[in-house]
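For reference, the structure discussed in these notes is given below.
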Amino acid sequence: MGEARIRARRAALAPGLAAMLVLAFAALVLPPAPGAAARADAADDARAAGDADATERGGAADDDAGATERGARSLAHGAGAVHVAVASSFAPTARALAADFQAASGHTVVLSEGSTGRLYAQIANGAPFEAFLAADAERPRRLEAEGYAVAGTRFAYALGRLALWSRDPERVRDAGALRGDFRHLAIANPALAPYGAAARETLERLGPWASLAPRLVTGEDVGQAFQFVATGNAELGFVALAQVLDAGGSRWEVPADLHAPIVQEAVLLARGRDDPAARAFLAFLRGPAARARIESAGYAVPDAARTRGGDEGGDDAMTVHPPEPSP
């Protein structure tokens, strides 16, 4: 009987001992439950995370607001783009002017370079230009008469200057260089390029046009004539003074009385009639900053009052021209 009682007591105590063993094991291997301090730290972390998330969302909202504000300013300013055909001789100066204009206005200027004659033909055949900076006055006048340009918008923006140039620092001192020993003389095509026409007229005035004809190499425009000399394919070339101001070598600046004035006109084309960017660019060309830039590039600039259509009289090529009467 005594042994039976002992077995009964052990059976009764077994569940309690098992529970105590489980609790002891749990205390050894499991982390303690968070106390008040731990709970507070967790809450602080949550709030910090929430604040950081809110700050990030606020920053994104600020960025969005800034982008919206910048977009609104751009729309308010009406920034646009103008596609300008420009004579190759004036292209380097035009690029500097375009950068000045873009910085001042926000408008974008896209330049297409070429000989004045070829650009005229492209415009007449529907090329998508809004403004034309020619190296003469004839093509803008013809475009206006033919309806491809807006009547009354022509004006002279520069007076070109012709130079005889060589890479050789000793070759050119004056017109006597044309009687020297050389194989090739580069000029622009007189039929397409105003500087080529001025070069031919200069040679005719000086006398050696016919004798030099076998040694002439002709470029489509004055830019190509410059390249013939710059690459050594011609020892001499008639180029725009603006092209060689910083080119080294030697040059003779051709007196203005040896050829007709190289009056360079700009005009608003029909495609740009209602384009604010095109009108703004041409207005900028007539302002003091642009005139200073043009003069520093080696051009003469027409009198400001005359280019604005003033009443001072003088050379008609210097004025803003009224439309010509229809024949």
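The values are calculated or read from the model by the stated rules, or taken from the named source; none is laboratory data. Being a predicted model, the structure only gives us computed values, none of them experimental. Using ideal geometry, Cβ is built from the backbone for each residue, glycine included, and neighbour counts are taken over all protein chains shown.
What pairs come out if I take residues in the range 191-211 that are among the basic types (Lys, Arg) and pair them with residues that are assigned to a helix (DSSP H, G or I) whose C-beta lies under 6 Å away, six or more apart or interchain?
ARG205/LEU258
All but one of (1) touching a Lys or Arg at 6+ places or on another chain (Cβ under 8 Å); (2) of a type in the set (Asp, Glu); (3) surrounded by fewer than 24 Cβ atoms within 10 Å (Cβ to Cβ) hold for GLU113; which doesn't?
All conditions are met except number (1).
Mind listing whichever residues of the range 207-239 are small (Gly, Ala, Ser) and in contact with a helix residue (DSSP H, G or I) (Cβ under 7 Å, 6 or more places away or on another chain)?
Across the range 207-239, the qualifying residues are GLY219, GLY223, ALA234, GLY237.
Within the range 236-285, how many residues turn out to be in a helix (DSSP H, G or I), surrounded by fewer than 20 Cβ atoms within 10 Å (Cβ to Cβ), within 19 Å of the chain's Cα centre (by Cα) and in contact (Cβ under 8 Å) with a residue 24 or more places away in the chain?
Going through the range 236-285 one residue at a time, the tally reaches 3.
Hey, does the range 136-148 have a residue that's of a type in the set (Ser, Thr, Tyr) and within 22 Å of the chain's Cα centre (by Cα)?
Kept after step one, since they are of a type in the set (Ser, Thr, Tyr), are these residues of the range 136-148: 148.
Next cut, within 22 Å of the chain's Cα centre (by Cα) only: none.
Looking for residues that are of a type in the set (Ser, Thr, Tyr) and within 22 Å of the chain's Cα centre (by Cα), one finds none in the range 136-148, hence no.
If you scan the range 99-133, which residues turn out to be within 13 Å of GLY80 (Cα to Cα) and β-branched (Val, Ile, Thr)?
Answer for the range 99-133, where residues must be within 13 Å of GLY80 (Cα to Cα) and β-branched (Val, Ile, Thr): THR108, VAL109, VAL110.
Per-residue answers, yes or no, for (1) surrounded by fewer than 22 Cβ atoms within 10 Å (Cβ to Cβ); (2) out of contact with any Gly (no Cβ under 7 Å at 6 or more places or on another chain):
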residue	(1), (2)
PHE101	no, yes
SER105	yes, yes
GLN122	yes, yes
ASN125	yes, yes
GLU138	yes, yes
GLU144	no, yes
ALA151	yes, yes
ARG161	yes, no
PRO169	yes, no
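Working carefully through the options ARG179, ARG183, ARG200, find the one that is modelled with pLDDT under 95, outside the structural domain of ALA91 (by TED's automatic domain parsing) and basic (Lys, Arg).
Values: ARG183 fails: modelled with pLDDT under 95; ARG200 fails: modelled with pLDDT under 95.
Only one candidate passes the filter, namely ARG179.
For the range 298-314, check the following and say yes or no: at least one residue is more than 22 Å from the chain's Cα centre (by Cα), at pLDDT 95 or above and within 30 Å of ARG167 (Cα to Cα). Even if it seems obvious, please write down each step before you answer.
Keep residues of the range 298-314 that are more than 22 Å from the chain's Cα centre (by Cα), which gives 300-314.
Adding the requirement that they be at pLDDT 95 or above leaves none.
Within the range 298-314, none of the residues are more than 22 Å from the chain's Cα centre (by Cα), at pLDDT 95 or above and within 30 Å of ARG167 (Cα to Cα).
Which condition number in (1) within 25 Å of ASN189 (Cα to Cα); (2) at pLDDT below 95; (3) of a type in the set (Lys, Arg) is the one that ARG73 fails?
Of everything listed in (1) within 25 Å of ASN189 (Cα to Cα); (2) at pLDDT below 95; (3) of a type in the set (Lys, Arg), ARG73 misses just condition (1).
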